[in-house]
Amino acid sequence: MKSSKGKGFLALLVIVLAVALFGWFGYDSMDDIKLGLDLAGGVSITYQAVDANPTAEQMSDTIYKLQQRVQNYSMESEVYQEGSDRINIDIPGVSDANSILEELGKPGSLLFMDESGQVLMTGDMVASAKAGMYDQNGTQYVVQLTLTDEGAKTFAEITAANIGKRIAIIYDNAVASAPVVQSAITGGQCEITGMQTFEDAENLASTIRIGSLSLELQELRSNVVGAKLGQEAISTSLKAGAIGFGIVVVFMIAVYLIPGLAAAIALTLYVGVILVLLSAFEITLTLPGVAGIILSIGMAVDANVIIFTRIKEEIGYGKTVKSAIKSGFNKALSAIVDGNVTTLIAAVVLYWRGSGSVKGFAATLALGIVLSMFTALVITKGALTALYNLGFEDAKFYGVRKEKEARNFLGKRKAFFAFSLAVIAAGFIFMGVNNASTGYVLNYSLDFMGGTSTNVTFNEDMSLERISSEVVPVIEEVTKDAGTQTQKVAGTNEVIIKTRTLTVEERQAMNDALVEKFGVEEDKITAESISAAVSNEMKQDAIIAVVIATICMLVYIWFRFSDVRFAASAVLALLHDVLVVLTFYAIFKWSVGSTFIACMLTIVGYSINATIVIFDRIRENLKETGGKADLAQVVNASITQTFTRSINTSLTTFIMVFVLFIMGVSSIREFALPLMAGIIFGTYSSVCITGGLWYVMTMYKQKKVAEEKAAQKAAEKEKKAEKKTEKKA
């Protein structure tokens, strides 16, 4: 007994020390975490096309290529059009505009020329260029080029015609490199060798990358700008996160007693470690990234709730506490692994195929999922075992859950289906009404639609707090829209105000309000139209990523559950949740901005995890009954057994988001609202819809099989009758 207590004390001491250590490191590393433009600001660079009157296609192509380039600095970088011939680049987390300009290079023209000065190929035929190195009789530094389809064909022709000769790479009328052609290059990829250092190779690669743009650009201005959401948004979000987390910890301990305390220790360690890893991996944290962390915390809580529910059940079956703890973790493992792996698959695909905020969301989500699984299955188990060994052996410290009578969820499935269809139909109706009245089905913000960028030079240095508390309300009184973004230009009195597209009358009304309220000189107010920060290509990338992720999740669920109906039900539930939340966007005219994609992805991840837990219990109950029990009873029993878990997990996640909503500024509240709706309806769909869908599909299949067997028997009977008739004849 003394030995077990000693081991328990030592194990708990080690875990608590780890919590304290990572908590301290996490707190210390908060200042080193890269924050996005919305949370911390960065560098804003404006380029202007050298050629007059560039086409819309040229501008769009250049913006997309620049977006790919600047993601080397941060996945959350934004590139958008200003006016008809200017392009803005906003790069978060940096404060030295000159160093960025030096590294990015001046976007001039790029040409490939022969020794006679003939232009052989232009830079827009280069898809990518990156520096590399390898050891081959000493370290070799190279630049690896990948060409477009057209470029590959052209390059094959010009290299075949110039073997043994030099092809000069001319950038902005200067020779950047002049390699000798060794052989005809036909594969669309090649290497430029001969660099003395890796820095030389990186500089050449950067020159080629920026020179491959569709347009030649020149720098117009560069500024260091403040956070879009303002300092108040950051401070209130941090406070809300701390308060929400504290409430969740208290809730877990109050409901689950000693297991809840073990979970609180593990979750505290989780928060410390994730802060350290965000800093170590230099992941840029933005509001969508915060959504990814909230979802992963919800999944960490969920894993603990699944385990503790199982432990209560095992104690209720008459097992000892020690045996119940072991059995509880074992029985919860499949649901935890399947739920987390399914969401992790989605995160990996989104990171691979997505761009911008989608990539940032995926990075934080993937990191959080892996860490949440580790803390739930290793740290919680270690802390719980240590507490048990310290003397908390009585079942009263863990709770007992007796078998409950199954509720008839399936009996109400038609009402549930009808309610869901009515809500979704209402969404489409309101979208039609919105389209008729405004021309758009949803209230798209400037991130999706573009808008008006107004530069205002105040007579005094406006603090971030004053901008947020005094200037923004004045602007929003004119625009009647909560999506205003403001950025302060460092070292000046200039403030950049971005709003939805303003009419001439609204621009004048805003100018008058600024002059009247703050004494601004009207000639120091300038305005330009800006394009959407979320380009069409980025939207397409996001849609393709979601489609691929959905297919991969479907295949995984099909493989794990050996039944395509489980996968089909889960995907239909995802579609249901997305359409229901879209209904809220349509009815209440919530702003559809850069966080919209992250909100929807969070809802999808949350929904699939909740669904997997119920399907795992159905799978388990079917195995235990050998498939002989009534199918409706199995489904009802499975939903009932997981019902407490569904409510408690949703409640803890909802609390975190609700506190964020209560304490946040207007833009934060617009972000939290759809998340809360998604959590509520994600829980509703997992409890009330998915089981019913699977049951209906399965019964339909069984009915079809029965009809086929009946038809086969009837046919056989008819054949026998015919044979008898033939014999008699």
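For the range 132-170, filtered to residues that are over 39 Å from the mean Cα position of the chain (by Cα) and closer than 18 Å to D200 by Cα, the residue that is surrounded by the fewest Cβ atoms within 10 Å (Cβ to Cβ) is G138. Taking residues in the range 678-689 that are more than 12 Å from R413 (Cβ to Cβ) and touching a residue at least 60 places away in the same chain (Cβ under 8 Å), and partners anywhere that are among the small types (G, A, S) and open to solvent by 10 Å² or more (accessible area, probe 1.4 Å), the pairs with Cβ atoms closer than 7 Å and at least 6 places apart or on different chains are I679/S650; T683/S650.
From the list T309, T268, pick out the single residue that is part of a helix (DSSP H, G or I), open to solvent by 30 Å² or more (accessible area, probe 1.4 Å) and either on the phi < 0 side of the Ramachandran plot or modelled with pLDDT under 80 (or both). Going through T309, T268 in turn, the sole match is T268.
Of everything in the range 224-256 that is outside any helix (DSSP H, G or I) and buried (at least 20 other Cβ atoms within 10 Å of the Cβ), the residue that is modelled with the highest pLDDT is V225.
Of the residues making up the range 479-519, those that are in contact with a strand residue (DSSP E or B) (Cβ under 9 Å, 6 or more places away or on another chain) and in a helix (DSSP H, G or I) are T479, E506, R507, M510, N511, L514, V515, F518.
Selection of first residues in the range 570-585 that are in contact (Cβ under 8 Å) with a residue 60 or more places away in the chain and of second residues that are open to solvent by 10 Å² or more (accessible area, probe 1.4 Å) and not in a helix (DSSP H, G or I), restricted to Cβ pairs under 6 Å at least 6 apart or on distinct chains, gives the following pairs, ordered by first then second residue: Y585/L442. Screening the range 479-534 for residues that are over 30 Å from A672 (Cα atoms) and among the hydroxyl-bearing types (S, T, Y) and picking the one that is surrounded by the fewest Cβ atoms within 10 Å (Cβ to Cβ) gives T526. Do the conditions hold for S468, that is, is it small (G, A, S) and touching a strand residue (DSSP E or B) at 6+ places or on another chain (Cβ under 9 Å)? Yes. The residue that is least open to solvent (accessible area, probe 1.4 Å), counting only those in the range 171-185 that are modelled with pLDDT of 85 or more and hydroxyl-bearing (S, T, Y), is S177.
The residues listed here are L365, L377; of these, the one that is touching a helix residue (DSSP H, G or I) at 6+ places or on another chain (Cβ under 6 Å), touching a residue at least 60 places away in the same chain (Cβ under 8 Å) and either closer than 28 Å to I311 by Cβ or not small (G, A, S) (or both) is L365.
What are the residues in the range 271-289 that are modelled with pLDDT of 80 or more and open to solvent by 30 Å² or more (accessible area, probe 1.4 Å), if any? Across the range 271-289, the qualifying residues are V271, L275, V276, L277, A280. Residues in the range 551-588 that are crowded, with 16+ Cβ neighbours inside 10 Å and aromatic (F, W, Y): Y556, W558, F561, F566, F584, Y585.
Where helices (runs of 4 or more DSSP H) sit wholly within the range 613-729, those with at least 2 residues that are closer than 30 Å to Q485 by Cα and either open to solvent by 30 Å² or more (accessible area, probe 1.4 Å) or hydroxyl-bearing (S, T, Y) (or both) occupy 631-663, 666-684.
From the list V592, V547, which one is touching a strand residue (DSSP E or B) at 6+ places or on another chain (Cβ under 6 Å) and among the β-branched types (V, I, T)? Going through V592, V547 in turn, just one is touching a strand residue (DSSP E or B) at 6+ places or on another chain (Cβ under 6 Å) and among the β-branched types (V, I, T): V592. The number of residues in the range 671-729 being under 26 Å from F654 (Cα atoms) and of a type in the set (G, A, S) comes to 8. Within the range 436-474, the residues that satisfy the criterion of being of a type in the set (V, I, T), outside any strand (DSSP E or B) and crowded, with 20+ Cβ neighbours inside 10 Å are I467, V471, V472.
Taking the range 437-482 as the range and being among the small types (G, A, S) and either touching a helix residue (DSSP H, G or I) at 6+ places or on another chain (Cβ under 6 Å) or without any contact (Cβ under 8 Å) to a residue 60 or more places away in the chain (or both) as the test, the residues that pass are S437, G439, S463, S468, A482. For the range 535-550, indicate whether the set of residues that are under 24 Å from T452 (Cβ atoms) and crowded, with 19+ Cβ neighbours inside 10 Å is non-empty. Scanning the range 535-550, I find at least one residue that is under 24 Å from T452 (Cβ atoms) and crowded, with 19+ Cβ neighbours inside 10 Å, so the answer is yes.
Anything in the range 490-504 that is touching a residue at least 24 places away in the same chain (Cβ under 8 Å) and farther than 10 Å from N455 by Cα? List them, or say none. A490, G491, T492, N493, T499, R500, T501, L502 - these are the residues of the range 490-504 that are touching a residue at least 24 places away in the same chain (Cβ under 8 Å) and farther than 10 Å from N455 by Cα. Exactly one residue out of N98, N53 is surrounded by fewer than 16 Cβ atoms within 10 Å (Cβ to Cβ), modelled with pLDDT of 75 or more and not acidic (D, E), and it is N53.
Which of the residues spanning the range 391-404 are open to solvent by 40 Å² or more (accessible area, probe 1.4 Å) and in contact with a Lys or Arg (Cβ under 8 Å, 6 or more places away or on another chain)?
Scanning the range 391-404 gives E393, V400.
Taking the listed residues S591, S607, the one that is open to solvent by 10 Å² or more (accessible area, probe 1.4 Å), of a type in the set (G, A, S), closer than 28 Å to A346 by Cα and in contact (Cβ under 8 Å) with a residue 40 or more places away in the chain is S591, with no other qualifying. Of the candidates I424, I429, the single residue that is open to solvent by 100 Å² or more (accessible area, probe 1.4 Å), at pLDDT 95 or above and assigned to a helix (DSSP H, G or I) is I429.
Each row is one residue, and each column tells you yes or no for (1) of a type outside the set (A, V, I, L, M); (2) in a loop (DSSP other than H, G, I, E, B); (3) more than 29 Å from the chain's Cα centre (by Cα); (4) at pLDDT 70 or above.
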{"residue": "I15", "(1), (2), (3), (4)": "no, no, yes, yes"}
{"residue": "W24", "(1), (2), (3), (4)": "yes, no, no, yes"}
{"residue": "Y64", "(1), (2), (3), (4)": "yes, no, no, yes"}
{"residue": "S84", "(1), (2), (3), (4)": "yes, yes, yes, yes"}
{"residue": "N88", "(1), (2), (3), (4)": "yes, no, no, yes"}
{"residue": "E115", "(1), (2), (3), (4)": "yes, yes, yes, yes"}
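The values are calculated or read from the model by the stated rules, or taken from the named source; none is laboratory data. Source: prediction; values computed, not measured. Positions of Cβ are generated from backbone atoms using ideal geometry, with glycine treated the same way; all protein chains shown enter the neighbour counts. When the accessible area is computed, the model is the full protein with side chains, heavy atoms only, and any ligands, DNA or RNA have been set aside. Shrake-Rupley method; radii C 1.70, N 1.55, O 1.52, S 1.80 Å.
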